[in-house]
């Protein structure tokens, strides 16, 4: 685990110095929220309609912005052959996966911290159920990162990785998207923990499955 | 017992055979240079030794550890210097070394960084970002990175690529400094003159097989060796 933390720390230090990915992710997610709020301006008074579509908009902004970060997660390591440098280190290759998940998740959480307040203001939500919302965002984000990091490693040696990654990732994370959107919608309309246990179960099981799958296959995925 | 022992090594990518029936024993302290044209399989061979690529068949034992069974121990035993520097442009020279030092779990890391960075003559640029370095400086820092964990074996894959004459000469000088001169080294090179100057044994790899091997002292002149190389590789 120490090796994973060293990799994550290195990634975050590099990112906070350049802010290349973080700035793009934050600006992109804010733009998505703003564009959708303008598009639905005429319906903003129809609380029932907005309640139905707004959680989907929130998760679209999270996932699309997160995709920007994921596509650079391993691609950035190709410069100066750093990926080989990491693979040469005397540690399990899964440390590389875990380190990348940690750094990408931290960046995604920062982006989400900027996005949620704007979403609440523009879609006129009252702030309720914050602990539950944080839980769902945590589980949804982790599921997205486990799959996304694995597939990002898989596509790193392909020329069309930026195009290929979203095409192969979204079909795989459909259970995460549906469960996260449904749970978010319920939380924003005042539902409690008992009403979202089904979604939480799906997200937890999905996260566990893909964490284990990644641990088993990452060694082969990352080999030249 | 040889420090590096390769027996009947084969490597294929799909139906394409890159290496076939490679046998090689390298003793402690040897400096072996492997010459060969593009596509001969040199880099694949080094990648197998470095545990970056798995062999299809055969046995590769480094410092007593099989590359398939004990890859982590093998990685602890080797340092790799390539035309890629494995350095992060946004981190300073010291931060790069500190990161790799932590990954290799080096004790007294700051002391070790001060030692290796002064050996490659970059102590005065330690707190500068690697992105501001020239190609030669990056390659010198890459040597510091490779020897940071005191490896018993150095694998050098085309280390002169992109270096001017001055930087190449400086590279040779660092490689012969105390602390690195007794390390066992395998170098891949196109540069026959420079490759022969440093080694005590030279091999030619062509079409995935070793086609020539000679002790350095048995070579009377570089021209003679160049002639042998041209004949074996191009058939002229």
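A compact table of results
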{"read-out": "Flag if residue B:86 is crowded, with 16+ Cβ neighbours inside 10 Å and either in contact with a strand residue (DSSP E or B) (Cβ under 9 Å, 6 or more places away or on another chain) or modelled with pLDDT under 90 (or both)", "value": "yes"}
{"read-out": "Exclusive hit being within 12 Å of chain A (Cβ to nearest Cβ), buried (at least 17 other Cβ atoms within 10 Å of the Cβ) and not in a loop (DSSP other than H, G, I, E, B), set B:58, B:131, B:101", "value": "B:101"}
{"read-out": "Breaking point among (1) within 12 Å of chain A (Cβ to nearest Cβ); (2) farther than 19 Å from residue A:224 by Cβ, for residue B:11", "value": "(2)"}
{"read-out": "Members of segment A:99-113 that are within 22 Å of residue B:104 (Cα to Cα) and surrounded by 21 or more Cβ atoms within 10 Å (Cβ to Cβ)", "value": "A:99, A:100, A:101, A:103"}
{"read-out": "Of all residues in segment A:116-128 being outside any helix (DSSP H, G or I) and free of Cβ contacts under 8 Å to residues at least 40 places away in the same chain, the one that is nearest to the chain's Cα centre (by Cα)", "value": "A:127"}
{"read-out": "Matching residues in segment A:188-205 - criterion: being buried (at least 22 other Cβ atoms within 10 Å of the Cβ) and at pLDDT 90 or above", "value": "A:196, A:199, A:203"}
{"read-out": "Per-region count, segment B:104-122, residues buried (at least 20 other Cβ atoms within 10 Å of the Cβ) and over 17 Å from residue B:76 (Cβ atoms)", "value": "4"}
{"read-out": "Some residue of segment B:175-185 being modelled with pLDDT under 90, assigned to a helix (DSSP H, G or I) and under 30 Å from residue B:95 (Cβ atoms)", "value": "yes"}
{"read-out": "Positions within segment A:136-169 being buried (at least 18 other Cβ atoms within 10 Å of the Cβ) and closer than 26 Å to residue A:193 by Cβ, in sequence order", "value": "A:136, A:137, A:139, A:140, A:141, A:142, A:143, A:144, A:145, A:146, A:147"}
{"read-out": "Count of segment B:192-235 residues which are free of Cβ contacts under 8 Å to residues at least 40 places away in the same chain, touching a helix residue (DSSP H, G or I) at 6+ places or on another chain (Cβ under 6 Å) and assigned to a loop (DSSP other than H, G, I, E, B)", "value": "1"}
{"read-out": "Of residues in segment B:61-98 being touching a residue at least 40 places away in the same chain (Cβ under 8 Å), more than 8 Å from chain A (Cβ to nearest Cβ) and assigned to a helix (DSSP H, G or I), the one farthest from residue A:224 (Cα to Cα)", "value": "B:93"}
{"read-out": "Flag for residue B:19 being out of contact with any helix residue (DSSP H, G or I) (no Cβ under 9 Å at 6 or more places or on another chain), touching a residue at least 60 places away in the same chain (Cβ under 8 Å) and not in a loop (DSSP other than H, G, I, E, B)", "value": "no"}
{"read-out": "Among the candidates A:221, A:176, residue that is at negative phi, within 14 Å of another protein chain (Cβ to nearest Cβ) and either surrounded by 15 or more Cβ atoms within 10 Å (Cβ to Cβ) or at pLDDT 95 or above (or both)", "value": "A:221"}
{"read-out": "In segment B:27-48, the residues that are touching a helix residue (DSSP H, G or I) at 6+ places or on another chain (Cβ under 6 Å) and part of a loop (DSSP other than H, G, I, E, B)", "value": "B:36, B:37"}
{"read-out": "Per-region count, segment B:108-121, residues modelled with pLDDT under 90 and outside any helix (DSSP H, G or I)", "value": "2"}
{"read-out": "Failed item, numbered, when residue B:140 is tested on (1) within 13 Å of chain A (Cβ to nearest Cβ); (2) under 14 Å from residue B:87 (Cβ atoms); (3) buried (at least 19 other Cβ atoms within 10 Å of the Cβ)", "value": "(1)"}
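The values are calculated or read from the model by the stated rules, or taken from the named source; none is laboratory data. This is a predicted model, so every value here is computed, not measured. Counting neighbours? That spans all protein chains shown, and the Cβs are built from the backbone with ideal geometry, glycine included.
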